[in-house]
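The values are calculated or read from the model by the stated rules, or taken from the named source; none is laboratory data. For clarity, every value in this text was computed on a predicted model and none was experimentally measured. As a convention, Cβ positions derive from the backbone with ideal geometry for all residues, glycine included, and neighbour counts pool all protein chains shown.
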Amino acid sequence: MNLGLSEERSIYLQIGEKIEDDILRGILLEEERVPSTNELARAYAINPATAAKGINLLVDQGILYKKRGIGMFVAQGAKQQIVEKRKKNFYNRYVLGLVEEAQSLSITEEELITMIRRAREERA
């Protein structure tokens, strides 16, 4: 059973993102233990080394930390760190392209803001 992992991207990156998602949604709280590599491997039917790679990625970023002999835990400030990282990615991935395309179509800043507001209202 492969609970929603995609073949399109590296599995270890997806494991890291799923843990981040759980932190953002409040499923995993700061200072709370995260599932072990073996638990993740069983849940996603993957190699424990792949799960470890995803966890270690988050350790390297300061989102998780290790308590020797106990396991991995969510670091203080992890949620805010994830939010900031994802906002930066959102800006680079979507906003820059949006602005570039708007400029190529001669869409003014005001028109663009109006379009964004209309889209948000339609989604509400």
Residue pairs, Cβ under 6 Å, 6 or more apart or interchain, first in segment 1-19 and modelled with pLDDT under 90, second in a loop (DSSP other than H, G, I, E, B). List them. 1/45; 2/45
Note on segment 60-108: residues in contact (Cβ under 8 Å) with a residue 40 or more places away in the chain, of a type in the set (A, V, I, L, M, F, W, C) and in a helix (DSSP H, G or I) are 78, 82, 83
Would you mention how many residues in segment 1-44 are under 21 Å from residue 66 (Cα atoms), over 17 Å from the mean Cα position of the chain (by Cα) and among the polar types (S, T, N, Q)? 3
Before we move on, is residue 114 within 20 Å of residue 5 (Cβ to Cβ) and hydroxyl-bearing (Ser, Thr, Tyr)? no
State whether one or more residues within segment 88-109 are in contact with a helix residue (DSSP H, G or I) (Cβ under 7 Å, 6 or more places away or on another chain), on the phi < 0 side of the Ramachandran plot and of a type in the set (Lys, Arg). no
Residue 70 fails exactly one of the following numbered conditions: (1) touching a Lys or Arg at 6+ places or on another chain (Cβ under 8 Å); (2) at pLDDT 95 or above. What is the number of that condition? (2)
